[in-house]
Amino acid sequence: MSVTLILAAAENGVIGRDGAIPWHISDDLKRFKALTMGNTIVMGRKTWDSLPKKPLPGRRNIVVTWQKLWQAEGAETMPLERALEQPDVFIIGGAEIYRAALPRAGRIELTEVHRAFDGDAAFAFDRKDWTEIAREDHATPEGLRYSFVTLERNAP
Ligand SMILES: NC(=O)c1ccc[n+]([C@@H]2O[C@H](COP(=O)([O-])OP(=O)(O)OC[C@H]3O[C@@H](n4cnc5c(N)ncnc54)[C@H](OP(=O)(O)O)[C@@H]3O)[C@@H](O)[C@H]2O)c1
């Protein structure tokens, strides 16, 4: 059983703007797909609303909401606590859900986007609690630099 946060964040912590991700990095979307495929993904209701195609295929889609009667085709809803108990859970956002799930996460698959962006959703965590176990540096054809970073929580 594992809880992994998977996210892309700008250098100023921004992860979203107006319900969308403020950059386009196609290799990041490919990596997201490769890591999450076949697993359970957990997201906040606003991130679900932001998906252009839903549910995300080949994955068990769980949406968390405070709304008692909320339902969506292709997704399960359950309290966050129960969602975190499912096997091999990837927390796919957004900011509210990352913050709520962070204390339970053992791993973060982070895409560092090496530029500041304007936005209305941001997420930050204390890097000293985490050990970097892998890093790959890349750039888009337009010159936006980014890094795929894997972090594991330090032993208590
Ligand atoms: N860069 C990235 O990697 C990335 C990834 C994902 C999303 N994003 C961006 O993040 C933004 C959305 O983030 P957000 O923080 O505004 O929204 P969010 O976390 O996606 O969803 C928030 C909603 O989740 C529900 N919720 C929150 N905490 C809950 C809890 N403890 N238990 C049950 N339900 C709970 C509530 O839904 P109800 O209002 O229905 O009660 C709340 O309004 C968008 O811009 C999106 O594009 C970025």
### Query
Out of region 7-58, which residues are in contact (Cβ under 8 Å) with a residue 40 or more places away in the chain, within 12 Å of the chain's Cα centre (by Cα) and within 7 Å of the ligand (Cβ to nearest atom)?
LEU7, ALA8, ALA9, ILE15, GLY16, MET43, GLY44, THR47
### Message
I'd like to check something: does region 106-117 contain any residue that is surrounded by fewer than 17 Cβ atoms within 10 Å (Cβ to Cβ), in contact with a His (Cβ under 8 Å, 6 or more places away or on another chain) and in contact (Cβ under 8 Å) with a residue 40 or more places away in the chain?
### Response
no
### Query
Does region 82-100 contain at least one residue that is touching a Leu at 6+ places or on another chain (Cβ under 7 Å) and at positive phi?
yes
### Query
Of all the residues that make up region 139-156, how many are under 19 Å from the mean Cα position of the chain (by Cα) and touching a residue at least 60 places away in the same chain (Cβ under 8 Å)?
2
### Query
Scanning region 67-87 for residues that are touching a helix residue (DSSP H, G or I) at 6+ places or on another chain (Cβ under 7 Å) and surrounded by 15 or more Cβ atoms within 10 Å (Cβ to Cβ), which turns out nearest to PRO55 (Cα to Cα)?
ALA75
### Query
Looking at (1) out of contact with any Gly (no Cβ under 7 Å at 6 or more places or on another chain); (2) β-branched (Val, Ile, Thr); (3) within 18 Å of VAL3 (Cα to Cα); (4) near the ligand (Cβ under 8 Å from one of its atoms), can you tell me which one VAL64 breaks?
(1)
## Note on the structure
If you go through PHE148, PHE125, the only one that is of a type in the set (A, V, I, L, M, F, W, C), touching a helix residue (DSSP H, G or I) at 6+ places or on another chain (Cβ under 7 Å) and not in a loop (DSSP other than H, G, I, E, B) is PHE148
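Each reported figure results from applying straightforward, stated rules to the coordinates on display, with no laboratory input. Remember, predicted model here, so these are calculated numbers, not experimental data. Cβ sites come from the backbone with ideal geometry, for glycine too, and all protein chains shown count toward neighbours.
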